[in-house]
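The values are calculated or read from the model by the stated rules, or taken from the named source; none is laboratory data. Since this is a predicted model, take the numbers as computed values, not measurements. With ideal geometry, Cβ positions are generated from the backbone for all residues, glycine too; neighbour counts draw on all protein chains shown. Heads up: the accessible areas ignore ligands, DNA and RNA and are worked out on the full protein's heavy atoms, side chains in. Shrake-Rupley method; radii C 1.70, N 1.55, O 1.52, S 1.80 Å.
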Amino acid sequence: MLQKCEGIVIRTTNYGENNKIVTLYTREFGKVGVMARGAKKPNSRLAAVTQLFTYGQFLFQSSSGLGGLQQGDMISSMRSIREDIFLTAHASYVVDLTDKVTEDKKSNPFLFELLLQTLKLLNEGYDMEILTFIYEMKMLNVQGLYPVLDKCANCGSTEGDFNFSIREGGLLCHRCFRMDPYRIKTSPGTVRLLRLFYLLDLSRLGNISVKPETKLELKKVISAYYDEYSGLYLKTRKFLDQMDSFRDQL
Ligand SMILES: [Zn+2]
C-alpha cells in the first residue's frame, strides 16, 4: 500500500553501492524506516530529499519490514544548518536523540511538531544552545522521565533558594541542601529557565537572551540528569561537546 506522509530525515545509512536506508520521523506514523533505491547516485530524484535534516512530503510503499521510498518532495533542506558545522553538530544530536528514544511506527504528532520547530529555529539562526536545552528538557517525558521542577523534591516546599539534585531527581530547597552534598549549584535564573524549557510551548518562545554563566549551569544540570537517568550514550552528544569546547577556544 502506498502511504503519504510529512516527515523529516533523522538518519541515513548507505546500503550497497547505490542505495540508502533512510529513517524518517513523520507526523502521521512516527518513526519509519524506508529503503531509498538509487538515492546515492547523484542524478537520482531521491538524492536531495534523502539528506539528513530534510523536511518534506514522502510517498512510500509500506510493508511489514522496511518500506520502499517512491517519491519525495522537499519543503525545506534546512540549508543553513547544513552549511554550518556548529549548527550541524546541534541538529545531529537533536535528530539522533529523537531516533534513539522513539519506537518504530508509534505516532506522536506533538513530538513531530517539536522536532520540526526546533530544526526550523536552528535553521533560522535562533540560539542553538538554548534550542538544544529546550529539546532535551522536552524529550524527558518521552523517555518516561519526570524531574521535580515545581517544588523541592524532598520536602515539597515551593519557597526558597533551589539547587538541583541528581540523586533526588529534581530541585532541592535550601532547607534540604544537606540531603545531597553533590547537588549542583543553580542560580534563580537557571531554575526559572529549567522550568520554562520543560513546560514552554516552543511556538511561544520569544527572543530570550541567556548569560554565558547561566548556560553553563543549564548544561551542567541537563547533562548530569541525562547521564544519570536516560541510559543513552550518543556519539553525537560527544561530538557536540567537543564542538562546544572548540568554539569556546575561538
Ligand atoms: Zn526542601
Problem set entry | Filter result (surrounded by 21 or more Cβ atoms within 10 Å (Cβ to Cβ) and either of a type in the set (D, E) or farther than 27 Å from N108 by Cα (or both)) within the range 14-46 | A39
For this session: Read through the list (1) free of Cβ contacts under 8 Å to residues at least 60 places away in the same chain; (2) within 18 Å of the chain's Cα centre (by Cα), then give the number of the only condition that K41 fails.
Result: (2)
Problem set entry | Candidate set: the range 140-153, residues that are aliphatic (A, V, I, L, M) and touching a helix residue (DSSP H, G or I) at 6+ places or on another chain (Cβ under 6 Å); chosen: the one farthest from G170 (Cα to Cα) | V142
Exercise. From the set of residues in the range 137-160 that are among the hydrophobic types (A, V, I, L, M, F, W, C) and within 13 Å of the ligand (Cβ to nearest atom), which is nearest to the chain's Cα centre (by Cα)?
Worked result: V148
For this session: Examine the range 100-116 for a residue that is over 10 Å from the mean Cα position of the chain (by Cα), over 30 Å from R178 (Cα atoms) and free of Cβ contacts under 8 Å to residues at least 24 places away in the same chain, and state whether such a residue exists.
Result: yes
Problem set entry | Criterion: open to solvent by 20 Å² or more (accessible area, probe 1.4 Å), more than 25 Å from A89 (Cα to Cα) and in a strand (DSSP E or B) - qualifying residue of Q71, Q57 | Q71
Seminar exercise, completed: Looking across the range 178-216 at residues that are more than 18 Å from F133 (Cα to Cα) and surrounded by fewer than 17 Cβ atoms within 10 Å (Cβ to Cβ), the single one that is farthest from the chain's Cα centre (by Cα) is R178
For this session: Keeping to the range 1-13, report how many residues are part of a strand (DSSP E or B) and open to solvent by 20 Å² or more (accessible area, probe 1.4 Å).
Result: 7
Seminar exercise, completed: In the set I134, I166, I130, the lone residue that is within 17 Å of K185 (Cα to Cα) and not small (G, A, S) is I166
